[in-house]
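Peer 1: Dropping a structure here in structure tokens format, bear with me for questions.
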Amino acid sequence: MLDWNPALYRRYEDERTRPAQELLARVPLPEAVRVVDLGCGPGNSTELLAHRFPQAQVVGTDNSEAMLASARERLPQARFELSDIATWAPQEAPDLIYANAALQWVPDHQTLIPRLFAALAPGGLLAIQMPDNREEPTHRLMRAVAAEAPWAEPIGNADRLRTLLLPLGGYYDLLAPDAARVDVWHTIYQHPMADAAAIVEWVRGTGLKPFVDRLPADLQASYLAEYERRVDQAYPARTDGKRLLAFPRMFIVAQRKA
């Protein structure tokens, strides 16, 4: 997959940051020494952590050089590192591992989630937020169009382009045996969007990217045109002319025993 586009991602930064704020609000840590923002993107979530824990060493990690450059420009006082969450391990046990809208890109959650939890300091917290929108029209239509000619051959198996999440109870079951407490919840945000093109622009910064990246320029244009046509049908105009984009998200906060 080609590198991420921070400018495209940040066009809906307020909407993307809201779940990060709500995740952090449910983290019951009065203070922390070491905090890690896994998959920090352009640093919007890292900024929240730096404000919440001003005395902590806050480190943001990402596998995108473009995102890290944007994050460093935003927060020159913070530390940012290039790393892959699938193989990441801390040098010192953090008090908080925070992963906002990142782990849905990483496979094998049955192994990944317990490994991250075990990396915490005693009493530390693992806080996770993941989009849970695979069955929303935006994502079902991505796969439906990708399965048709002429886009199917270059895109390949669309079902493999994103990690299949466990049910919310599955994450509880992974963490509960070794945790002091586990808090899981599900929220469906409703984002008013100007039109179908705005919805497409939103998902081009995230979920649609692996589909489009596999296509040559001419097929990118035709794929996006057909996708937008179907999005326009799936999200009818409301009474004010806007489209209401339902966006389910999954939240997990687990604390290690002291």
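The values are calculated or read from the model by the stated rules, or taken from the named source; none is laboratory data. Quick caveat: nothing in here was measured; it's all calculated off a predicted structure. Cβ coordinates were reconstructed from backbone atoms using ideal geometry, including for glycine residues, and neighbour counts include every protein chain displayed. Quick note on the areas: whole protein, heavy atoms, side chains included, nothing else; ligands and nucleic acids left out. Shrake-Rupley method; radii C 1.70, N 1.55, O 1.52, S 1.80 Å.
Peer 1: Can you give the accessible area of residue 45 in Å² (nearest 10), computed on protein heavy atoms with a 1.4 Å probe?
Peer 2: Approximately 0 Å² for this residue.
Peer 1: Next up: Taking trypsin sites (Lys or Arg not before Pro) as candidate sites, keep only those in a DSSP loop with at most 14 other Cβ atoms within 10 Å, then name the longest stretch of the chain containing none of them. Before the final figure, lay out the partial values.
Peer 2: Values: sites that count: 26, 238, 257.
Between exposed loop sites, the widest span is 27-237.
Peer 1: Another one. Around residue 181, with a cut-off of 10 angstrom between Cβ atoms, what is the net charge of the other residues, counting Lys and Arg +1 and Asp and Glu -1? Before the final figure, lay out each step's value.
Peer 2: Values: positive: 256, 257; negative: 183.
Result for the local shell: +1.
Peer 1: Quick one: what are the phi-derived ³J(HN,Hα) couplings along segment 212-221, Karplus 6.51/-1.76/1.60 with θ = phi - 60°, whole Hz, x for glycine and proline?
Peer 2: Values, residue by residue: 5, 4, 7, 9, x, 4, 5, 6, 4, 4 Hz.
Peer 1: Also, quick follow-up: Relative contact order of segment 1-130: what whole-number percent is it, with Cα pairs under 8 angstrom and at least 6 residues apart? Walk me through the numbers before you get to the answer.
Peer 2: Numbers: 226 pairs, mean separation 34.4, N = 130.
26 percent.
Peer 1: For the chain, give me the percentage of DSSP beta bridges that are antiparallel, rounded to the nearest 5 percent.
Peer 2: Values: 21 of 39 bridges.
Taking every DSSP beta bridge within the chain, about 55 percent pair in antiparallel fashion.
Peer 1: Okay, next question. Using only the C-alpha atoms of segment 134-258, find the volume of their convex hull and express it per residue in Å³. Kindly include the intermediate steps, with their values, before the conclusion.
Peer 2: On the way: hull volume 15.4 nm³, N = 125.
Each residue corresponds to 123 Å³ of Cα convex hull volume.
Peer 1: In whole angstrom, note down how far apart the Cα centers of segment 141-206 and segment 13-56 are.
Peer 2: Taking the Cα centre of segment 13-56 as reference, the centre of segment 141-206 is 22 Å away.
Peer 1: Could you give the length gained on full extension between residue 176 and residue 92, defined as 0.36 nm per residue of separation minus the Cα-Cα distance, in nm? The partial results should precede the final answer.
Peer 2: Numbers: separation 84, 0.36 × 84 = 30.24 nm, distance 2.35 nm.
That pair, residue 176 and residue 92, stretches by 27.9 nm at full extension.
Peer 1: With a sphere of radius 13 Å drawn around the Cβ of residue 148, what net charge do the other residues whose Cβ falls strictly inside it have (Lys, Arg +1; Asp, Glu -1)? Display every interim value, and only then the final one.
Peer 2: Values: positive: 143, 229, 230; negative: 153, 226.
With Lys, Arg at +1 and Asp, Glu at -1, the net is +1.
Peer 1: Please work out how much accessible surface residue 235 shows to a 1.4 Å probe, ignoring ligands, DNA and RNA, in Å² rounded to 10.
Peer 2: Accessible area, nearest 10 Å²: 10 Å².
Peer 1: Between residue 189 and residue 222, what is 0.36 nm times their sequence separation minus the Cα-Cα distance? Round to one decimal in nm. Numbers along the way, then the final one.
Peer 2: Numbers: separation 33, 0.36 × 33 = 11.88 nm, distance 2.98 nm.
So the extension gain works out to 8.9 nm.
Peer 1: Given the -39500 (n - 2.57) contribution per DSSP H run of 4+ residues, what per-residue ellipticity at 222 nm results for the chain, rounded to the nearest 500 deg cm²/dmol? Working shown, then result.
Peer 2: Values: 11 runs with 100 residues, N = 258.
Helices in the chain give a 222 nm mean residue ellipticity of -11000 deg cm²/dmol.
Peer 1: How large is the accessible surface per residue of the chain, computed with a 1.4 Å probe and reported in Å² as a whole number? Spell out each step's value before the answer.
Peer 2: Details: 11780 Å² over 258 residues.
Heavy-atom SASA per residue in the chain reads 46 Å².
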